[in-house]
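Novice: Sharing a structure here in structure tokens format.
The values are calculated or read from the model by the stated rules, or taken from the named source; none is laboratory data. Predicted, not measured: the structure shown is a model, and the values here were computed from it. Please note: Cβ atoms are built from the backbone with ideal geometry, for glycine as well, and neighbour counts cover all protein chains shown.
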């Protein structure tokens, strides 16, 4: 048995999908199936219960999976320690994040990191929030960045920063010159929101409920860029993180207003799989993001 065999099998168990395990390991679905059967021949026992419609392990399969995770963890730890002994900062860091963070929060940090560590590659995938958690659980990325993080078993959450929510309007909107606005002034205005399943939308809905405001969006979009474009052509107003509209606010294509007597924030967090061994490059990336690694988040 080689390390790759254990990794493919562990990925198969965690994703419960031959196709997803194949994608994670850059091989065909047929190759994953062949690997699983080869492991069964090697251990002379059935590992997968093929009588069930859904993916399910036998008792022996569960034991092999648990041992595979221990072996993979020890191997990853060894690689990380050897890199640290050589003082090597290299490799690839894979990040899964929502559009607003990936487009507006991450770029300056990635620019600095790549300047300091040019031997490291950084790959960023833009995903909906729920899929970021799935990517972390399936080990298809190293880090995830989300807004309004939700406690999830097997996922470590590291606080990153807080965004301030603001109201954005067209520059010629009656509210635009006020500088700050009372929430009640939104009543009766055309409001543009995110899709209902997006965490920022849920938070805005909660703000409205808390202040007994009955506001229903006239338009709903799944990403920050489309929301901004709709406001820029004066189709309505929206509540968004200030970091996502700083450029438009400076250029004058949007007006950004604070809320009178209120400070609504959007917490951001960095996610990684619990127990994950962090390579030297991953640790340096977290340090670049401003995390203090004296508290052990290294698995």
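Novice: So which residues in the stretch 54-75 are over 27 Å from the mean Cα position of the chain (by Cα), assigned to a loop (DSSP other than H, G, I, E, B) and either within 17 Å of residue 8 (Cβ to Cβ) or in contact (Cβ under 8 Å) with a residue 12 or more places away in the chain (or both)?
Specialist: Residues satisfying the conditions are 54, 58.
Novice: Also, quick follow-up: Could you please find all residues in the stretch 233-257 being surrounded by fewer than 19 Cβ atoms within 10 Å (Cβ to Cβ) and within 23 Å of residue 187 (Cβ to Cβ)?
Specialist: 233, 234, 235, 242
Novice: A further question follows. Considering every residue within the stretch 105-117, establish whether at least one is more than 13 Å from residue 93 (Cβ to Cβ), surrounded by fewer than 18 Cβ atoms within 10 Å (Cβ to Cβ) and touching a strand residue (DSSP E or B) at 6+ places or on another chain (Cβ under 7 Å).
Specialist: No: the stretch 105-117 contains no residue that is more than 13 Å from residue 93 (Cβ to Cβ), surrounded by fewer than 18 Cβ atoms within 10 Å (Cβ to Cβ) and touching a strand residue (DSSP E or B) at 6+ places or on another chain (Cβ under 7 Å).
Novice: Now a separate question. Within the stretch 167-260, which strands (runs of 3 or more DSSP E) (wholly inside it) include 2 or more residues that are in the same structural domain as residue 131 (by TED's automatic domain parsing), closer than 20 Å to residue 103 by Cβ and modelled with pLDDT of 95 or more?
Specialist: Result: empty, no element qualifies.
Novice: Hey, another quick one. Has the stretch 33-53 got any residue that is on the phi > 0 side of the Ramachandran plot, at pLDDT 90 or above and either part of a loop (DSSP other than H, G, I, E, B) or not assigned by TED's automatic domain parsing to the domain that holds residue 282 (or both)? Steps first, please.
Specialist: Step one: of the stretch 33-53, the residues on the phi > 0 side of the Ramachandran plot are 44.
Among the residues that remain, those that are also at pLDDT 90 or above are: 44.
Going one step further and asking which of them are either part of a loop (DSSP other than H, G, I, E, B) or not assigned by TED's automatic domain parsing to the domain that holds residue 282 (or both), we end up with 44.
So far as the stretch 33-53 goes, yes, one or more of its residues are on the phi > 0 side of the Ramachandran plot, at pLDDT 90 or above and either part of a loop (DSSP other than H, G, I, E, B) or not assigned by TED's automatic domain parsing to the domain that holds residue 282 (or both).
Novice: Any chance you could count how many residues in the stretch 76-130 are modelled with pLDDT of 90 or more, assigned to a helix (DSSP H, G or I) and farther than 24 Å from residue 164 by Cα?
Specialist: Result for the stretch 76-130: 4.
Novice: I'd like the full set of residues that are touching a strand residue (DSSP E or B) at 6+ places or on another chain (Cβ under 9 Å) and surrounded by fewer than 16 Cβ atoms within 10 Å (Cβ to Cβ), limited to the stretch 179-189.
Specialist: 179, 180, 182
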